[in-house]
Structures are given as C-alpha cells and as structure tokens.
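Peer 1: Got a structure here, written out as structure tokens. Questions coming.
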Amino acid sequence: MTVSPGNTQTDQADRLTRSTRAGSVRGVRERGVLAWRGIPYAAAPVGQNRFRAPLSVEPWTGIRAAHEFGPVAPQSHRGQFIGAHPRIPQSEDCLNLNVIAPDLPMDSAALRPVMVFIHGGAYSVGSSREVPHQGEGLVRRGGVVYVSLNYRLGALGYLDFTRYSTPERPLDSNLGLRDQVAALQWVQQNIASFGGDPDAVTLFGESAGANAVTTLMTVPAAAGLFHRAIAQSAPPNAVYPRDLTARWAGEFVDSLAESTEARSTEQAVRLLLEADTATLAEATTALTLRTPDQDPGTIPLCPVIDGAFLPERPLDAFRDGRAHRVPLIIGTNAREGSLFSGRIDILATTPRRIRAIFKKTAKKARKTLKAQYPGIPALRAALDFGGDYSFWYPSVKVGERHSRYAPVFFYRFDAAPRLVRLMGLDATHGLELFPLFDRLNGWPGRGMTLLGGRRTFRAIGARMQGWWIDFAVCGVPAASWPPYDESSRETLIIDATDRVEADPGSERRLAWGAFVPHV
C-alpha cells in the first residue's frame, strides 16, 4: 500500500514516515531536509542470487528505521583507487538507496522533480555515502527530491562470467547496470510517497556513474524510467564486446585459483561462488592494474555488449537514433587525464600504451594527432592524450550524435584553485564535484583552496546547482547556455567567468576524428 502524497492527516502526524511497496520507512530530520537512508530497492544478491539479475525486494512488516546508510558494495582498500573508508560496513547485501527531500508539508498538486545520482569509482570502488550530506544543497536550493544509490561493483557487478553459465547454475551479465535499472524502477513505483514526481526524473552521474548514464540511455529496459540525463566526465566508449570480456573473466578465474591451467566450467563456478568478498575485491584490483598494459585504452570493469540487456555499443545507438531521446547535459573537465598517474595510472598515458594505440591507425593521422600533444610521450602531454582518448573525444561524439534527435547542452569545466594548478592538475577529473555538491568544507576542499579560490568555487557551485536544477525542472539549464549541435558546437566554458565558445579544441577534435574514425 502506498500513502497518497496528499494524505494531510498522515503528513501532519509524522512527515518522516513514508510507505513503499515493500513496507513503511521512517527517516530523520536534519539540516533543513528530510532524509531516508539504506532503503532496500532489491533483494540481497547473496547465496543463489550471487551473479544473478536483481530480484524484487522482500517486503517487511511494521516501520523500518531508515536513519542510517546501508552497507556499501564490497571493495578493496588497497591498490590504485581510494574507495570507501575501511570503517564503512561492506556487504554483498548492498542494494540500497537514500532519499533526501525538502522539510516541507507534502502537496499532492506539487510533486517535485527527482534527481537520481550514480556515483563513480571505475566500477570498482565508491558508494552513496562517502560524502554523507551530498545532495542536500540541491534539495535546499531547488526543492528537488534527491536519490543516491549503491550498486554491485568489481567482479560481483562488472565482470561478465556468462561463459561459465549452465542451466543448473545460470550467471547473468551487466549486473551493476541491472541494479541501476532496478533502482530506477523503485523510483518510479515509490518516489511519489516522498514528494517526488515519477514523471520528472533526471538521471546524473560522474565518471563511471556518467558511463552508467550514457549506457542506460541505450538500455531498452531503462526506457521511460528517466526523462533527462546529465553525464559528467563520462568515458562513453568503455563498453566492450563479449569476446574481450570473456577473456577477462577467464583471467580473473585463473587468478582465483592462482594458476593459469584450463579448468572445467563446474570448477570455475565453484571458485566464483565460494570465494569471499575480500578475495574477489583483491583479484579485481589485480585485474584492473594489469589490463591497461595488456589491452591499452580499456578498463576491464565496464558494461558488456551482451546482445540482450545491452544490445549494441552505445555510441552506435546514439549515432542511429536508438538511444532514449531525452534532453542531455554532457561535458568534461579541461584536463581529465592529469589525475591518472601514480596509484591511479589506468589510462593510455604511458609510452608503451600510447604506442599500442597509435598502431591502430594510419601514419598520416598519427602524425596529425601527435602534433596536438607537443612533447608526447612526456608526462603532461601523455596525461592529456589519455584523458582525451577516454573522456573528452567520446563525449563529443555522444553530444554531436544525440543532438540529431534530442536537445544537448555541452560544457567544459576549466576552473581550478591556485594550489591545484601549482600541483599540475588544473581542472582535473572529478574537480567539478566540489563546487556542485558543496564539498569545500571537508579537508580536501579546504586543502585545495588554501592558496585561494574558495570564494570563486562557491560562486561556481551556486551557478552549477542552478543550471542542474533548472534542467531537472524544465529540460533547459539556462537561456544563456545554447544547445549543442554539429554545425556550431557551442559549448559553455565554466570558469571564474563563464563564457560560450563555438567548437573549442576544434583542431584536436578533427585530428581525433581522422585517428579513430570508428568511434
């Protein structure tokens, strides 16, 4: 039973209690918002449900406390990425979400736009709770309902083990992607009870979360589940064919057995089902570290083109108009790749990886592209090359192709505090999250603005929140932000002072077009 949004008696008695199809939940009131945390949106993917598509959440009786965040997906704290804090509980039973709404009386005539955020982390780390109050600024400023979610990561969510599937023990593909669809279905079925409008859902994400957004725009099962999309620093082409993902799955199984000997399907399934989550997470890190040298330009933990749930490469769907025709904001940061060195060196940024990619094309095109990165493979040029290869150029292709069928708004984030520039990072991957989500009060935000830039970033954050909210409300971020198309390619440059440029980086774009015409 679902409580009517206009049930004023219930509203006056207890605005913190809401009913979902599975049962009632009671949230908390804090910092001027109402919050419900750790709500299960699907059954626990454990036991016989490991490596299976998500099932409907099991109902409960009474009122379930929704005061605390739920467990996050299992992930390793060692390796190249910074994941969830070791003290944050992890569990395979991680399919939960959080809802934040304005602390206002509900009105059935005024359901609020919904913004659903998918976190990043290379599909191997991260969660909906690293920044506990993330999203509250959007709720307070725009009166929206904000939803964040956990989904399966690493081998449990983003390796394709279907080569080992049997009639007795089937294994499904694209598990993390299926989790995200299940969460969006939960939103459609339940968000009105929290004051949200199921017919005005904006899906947005950053990095791997933005890859999820652009991919879900081409997943048939996601049709109608969201009505606008925002992709921040997406690697849209990080979606791979089944023959490649099957090889990675085989290598992963071999690493579990600490052997490269061929093994039967039954032995492989037993290894996968019996391994504990820590072992799976550590093997995931090893595969992630090994793959960039073995298969330069790829990231092993990504969606797979399985021909069913994900029928085709998303960039092909965008080209041919088969993506969901919803308005889209898409963009990247000026120097996406500058972050990916040292511990998180996973892009095509080393001389060996760059040479492997250059071998894929004609000598003339190779020479033209090299001219766009003077000094390559010197570090700065190599980092920019790797960032453009994974993030910027594929995002441009999504923008231009989708603009043939639906409104697109393109941006480039150029702003960076002085200390970040002195470190050589400039406007690097993930930096826009700090102003957008009011993350300047934590130690990373305070640290990066020690030499100035705090006031500028706050002002940028206020503008970005306004654009994102207006887009969620009406599908247009601002009158001063023109739509993107293939002729003018007008792009909003987000900086201390914003401006619109026509086809920024046009020479580099044309060089990439000759270099990788298949994109």
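The values are calculated or read from the model by the stated rules, or taken from the named source; none is laboratory data. For clarity, every value in this text was computed on a predicted model and none was experimentally measured. Reconstructed Cβ throughout: ideal geometry from the backbone, glycine too, with neighbour counts over all protein chains shown.
Peer 1: I'd like to know if the stretch 379-402 contains one or more residues that are in a loop (DSSP other than H, G, I, E, B), modelled with pLDDT of 95 or more and either farther than 26 Å from E130 by Cβ or within 22 Å of the chain's Cα centre (by Cα) (or both).
Peer 2: No, every residue in the stretch 379-402 fails to be in a loop (DSSP other than H, G, I, E, B), modelled with pLDDT of 95 or more and either farther than 26 Å from E130 by Cβ or within 22 Å of the chain's Cα centre (by Cα) (or both).
Peer 1: I'm checking my understanding of the structure. Among residues of the stretch 117-145 that are surrounded by fewer than 23 Cβ atoms within 10 Å (Cβ to Cβ) and free of Cβ contacts under 8 Å to residues at least 60 places away in the same chain, which one is farthest from G430 (Cα to Cα)?
Peer 2: Out of the qualifying residues, it is G143.
Peer 1: Can I ask one more? Go over the candidates Y151, Y123, Y146 one by one and state the one that is aromatic (F, W, Y) and in contact with a strand residue (DSSP E or B) (Cβ under 7 Å, 6 or more places away or on another chain). Spell out the reasoning first.
Peer 2: Values: Y151 fails: in contact with a strand residue (DSSP E or B) (Cβ under 7 Å, 6 or more places away or on another chain); Y123 fails: in contact with a strand residue (DSSP E or B) (Cβ under 7 Å, 6 or more places away or on another chain).
Being aromatic (F, W, Y) and in contact with a strand residue (DSSP E or B) (Cβ under 7 Å, 6 or more places away or on another chain) holds for just one of Y151, Y123, Y146, which is Y146.
Peer 1: Can you tell me which residue is surrounded by the most Cβ atoms within 10 Å (Cβ to Cβ) among those in the stretch 482-505 that are of a type outside the set (D, E) and in contact with a helix residue (DSSP H, G or I) (Cβ under 7 Å, 6 or more places away or on another chain)?
Peer 2: Residue satisfying both the conditions and the ranking: Y484.
Peer 1: Pick out, from the stretch 169-274, the helices (runs of 4 or more DSSP H) lying fully within it that include 2 or more residues that are touching a Leu at 6+ places or on another chain (Cβ under 6 Å).
Peer 2: By residue number, 175-190, 242-256.
Peer 1: Could you tell me which numbered condition G466 fails, if it satisfies all but one of (1) under 25 Å from the mean Cα position of the chain (by Cα); (2) over 25 Å from G121 (Cα atoms); (3) not in a helix (DSSP H, G or I)?
Peer 2: Condition (3) is where G466 drops out.
Peer 1: Return the residues of the stretch 322-342 that are over 22 Å from D426 (Cα atoms) and out of contact with any Lys or Arg (no Cβ under 7 Å at 6 or more places or on another chain); say none if nothing qualifies.
Peer 2: R322, A323, H324, R325, L328, I329
Peer 1: Test of understanding: among T361, T349, which residue is part of a loop (DSSP other than H, G, I, E, B) and within 29 Å of the chain's Cα centre (by Cα)?
Peer 2: Residue meeting the stated conditions: T349.
Peer 1: Tell me which residues, restricted to the stretch 389-419, are acidic (D, E) and closer than 28 Å to G452 by Cα.
Peer 2: D414 - this is the single residue of the stretch 389-419 that is acidic (D, E) and closer than 28 Å to G452 by Cα.
Peer 1: Would you be able to say whether some residue in the stretch 267-285 is surrounded by 23 or more Cβ atoms within 10 Å (Cβ to Cβ) and in contact with a His (Cβ under 9 Å, 6 or more places away or on another chain)?
Peer 2: Yes, there is a match, as at least one residue in the stretch 267-285 is surrounded by 23 or more Cβ atoms within 10 Å (Cβ to Cβ) and in contact with a His (Cβ under 9 Å, 6 or more places away or on another chain).
Peer 1: Is at least one residue of the stretch 427-439 small (G, A, S), modelled with pLDDT under 95 and on the phi < 0 side of the Ramachandran plot?
Peer 2: No: zero hits.
Peer 1: Another question about this same structure. Within the stretch 417-464, take every residue that is farther than 22 Å from N211 by Cβ and polar (S, T, N, Q) and give me the one that is surrounded by the most Cβ atoms within 10 Å (Cβ to Cβ).
Peer 2: Checked the stretch 417-464; the qualifying residue surrounded by the most Cβ atoms within 10 Å (Cβ to Cβ) is T449.
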